[in-house]
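What follows is a single structure, written as structure tokens, with notes after it.
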Amino acid sequence: RRDLKTHIEQLRTTTAAKERIESEIQIAKSIQMSLVPRTFPPFPFRVVVVDESAEGPARVRRLLGDAVDVSIVTSSEGLDHVLLAHVDLLVVEHRLTWGDSLSVITRALSQVATLAIIVLTDSGNERVAVAALRAGACNYVRKSATDELLRESLHEALSPWNSRAAEEPNGVPALLEA
């Protein structure tokens, strides 16, 4: 009878200690979860512009707004580095001092097969446009195109390849709507 009372008391003590530990774990978990960003990644879309001039990247950044992370790449090494991270859209100038859009498209798609790519240039022609599309670009836009046409091309390129866009009712994320 005494052993039974001792075991019951030990069970109560152990249960109380276990409940205290579980409570502390819940508190620690809620503290840690409060430190995690509510939206991940912090920028919903990552766009990389491969261009040695300032005009193209500035225009893309202006048309997409602050809610999109736009990075600029001006070298072959920079392209390799940026492709290691998550990229939703690559916007590339056709004529570069270290290559051309066709070589960039081939390199990029060999590393990220589902990457959306737009060639944004004034140095190409119809032959370059067809070659770019055959190489895997989803669009070819002249820099002289209207802002409306370029914005539409950027939105179209981001929508089908991005799983976050697929969750939206009309296929275009609300933050990209004009």
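Some observations on this one:
- Model label points for Asn125 and Ser144, set 7 angstrom from Cα along the Cα-to-Cβ axis, are 1.4 nm apart.
- Extension gain, Arg12 to Arg107: 0.36 nm times the residue separation minus the Cα-Cα distance gives 27.7 nm.
- Extension gain for the segment Glu19 to Ser75, taken as residue separation times 0.36 nm less the Cα-Cα distance, is 14.4 nm to one decimal.
- Helical contribution to [θ] at 222 nm, DSSP H n ≥ 4, -39,500 (n - 2.57), averaged over the chain, rounded to 500: -16500 deg cm²/dmol
- More than 25 angstrom apart: percent of Cα pairs within region 1-125: 48 percent
- Amide H within-cut-off set for Leu120, under 5 Å, with H built and near neighbours excluded: Val92, Glu93, His94, Val141
Values in this text are rule-based calculations from the coordinates and carry no lab data. All figures in this text were calculated on a predicted structure; none of them were measured in a lab. Neighbour counts are summed over all protein chains in view; Cβ atoms, including those assigned to glycine, are modelled from backbone coordinates with ideal geometry.
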